[in-house]
Amino acid sequence: VQPLPSDPRIKSGKLANGLTYYVVKNDAVKGYADFAVAHKVGTSLEENSQKGMSKMLELLSVRSTRNFTDSTIVKYLNSIGVPTKNMIFQTNADDIVYTIENVPVSRQNTMDSTLLVLYNWMASINIDEEDIAHTMPLLKNSLIDEWDAQKRIDDKLVKELYPKSPYAKSISVEQINNLAGFSSKELRNFYYKWFRPDLQAVFV
């Protein structure tokens, strides 16, 4: 099979720390850009004691980070004309993607600040006991909301067909209801183990 030719609109590369980047030229909407950070990890990597950690990190990412405390990421993006609905978070079994859509980039400082948001999500989410305790009810509700009819059918099929697969160990409703929490140390260990440059890519 012949490889696809390189798209001339895309510039890509890898930094010394392993981080991959892609810059895609798109003239469809002038003056605006989409920003995303993708992680080549997902919920299938969670051990039994770590169930819900990936989703918890997603929820904490807009609560407090090194450079944006007290939900100021949301406030900042709103202040430059990016509505909250343009912040899209996807935490899946095999990948995690955080996206900010339609950012006005006519000013350099806007572009720099949005890249700073991505950096904070990649390596500087604040994780402490107070944040975890505050976010735990939101985590449970979020996980329950995902447990729709299709999810229940898929979960049953995977467990029947591939009982030894990591995908057969997805969090159950019973586990969600009994989720007592995890310490900030445990969550930080999980974060620094999997959210690292060689497993991440930035897209603009």
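The values are calculated or read from the model by the stated rules, or taken from the named source; none is laboratory data. Treat the numbers as computed from the prediction; the structure is a model and nothing was measured. Positions of Cβ are backbone-derived with ideal geometry, glycine not excepted, and every protein chain shown enters the neighbour counts. These accessible areas exclude ligands, DNA and RNA; they are computed on the full protein's heavy atoms, side chains included. Shrake-Rupley method; radii C 1.70, N 1.55, O 1.52, S 1.80 Å.
Looking only at segment 103-121, decide whether some residue is open to solvent by 70 Å² or more (accessible area, probe 1.4 Å), closer than 18 Å to GLN50 by Cα and either assigned to a helix (DSSP H, G or I) or not polar (S, T, N, Q) (or both). For segment 103-121, residues open to solvent by 70 Å² or more (accessible area, probe 1.4 Å), closer than 18 Å to GLN50 by Cα and either assigned to a helix (DSSP H, G or I) or not polar (S, T, N, Q) (or both): absent.
Considering each residue of segment 156-174 in turn, at least one proves to be under 16 Å from GLU46 (Cβ atoms), in contact with a Lys or Arg (Cβ under 6 Å, 6 or more places away or on another chain) and outside any helix (DSSP H, G or I). Inside segment 141-154, residues that are at pLDDT below 90 and either open to solvent by less than 60 Å² (accessible area, probe 1.4 Å) or on the phi > 0 side of the Ramachandran plot (or both) make up a count of 1.
Do you know which of the residues in segment 1-43 that are among the polar types (S, T, N, Q) and more than 30 Å from PHE190 (Cα to Cα) is most open to solvent (accessible area, probe 1.4 Å)? Per the stated criteria, the residue is GLN2.
Wholly within segment 1-90, which strands (runs of 3 or more DSSP E) include no fewer than the required count, namely at least 3 residues that are closer than 28 Å to ASN126 by Cβ, touching a residue at least 24 places away in the same chain (Cβ under 8 Å) and not β-branched (Val, Ile, Thr)? So that I can check it myself, show each step before the final result.
On the way: elements: 10-14, 20-24, 32-39.
Once the strands (runs of 3 or more DSSP E) in segment 1-90 are filtered for at least 3 residues that are closer than 28 Å to ASN126 by Cβ, touching a residue at least 24 places away in the same chain (Cβ under 8 Å) and not β-branched (Val, Ile, Thr), what remains is 32-39.
What number of residues in segment 17-41 are among the hydrophobic types (A, V, I, L, M, F, W, C) and touching a Pro at 6+ places or on another chain (Cβ under 9 Å)? Total meeting the criteria: 2.
So is PHE190 touching a Leu at 6+ places or on another chain (Cβ under 9 Å) and open to solvent by less than 60 Å² (accessible area, probe 1.4 Å) or not? Give the steps one after another, and end with the answer.
On the way: touching a Leu at 6+ places or on another chain (Cβ under 9 Å): yes; open to solvent by less than 60 Å² (accessible area, probe 1.4 Å): yes.
Against the criterion (touching a Leu at 6+ places or on another chain (Cβ under 9 Å) and open to solvent by less than 60 Å² (accessible area, probe 1.4 Å)), PHE190 qualifies.
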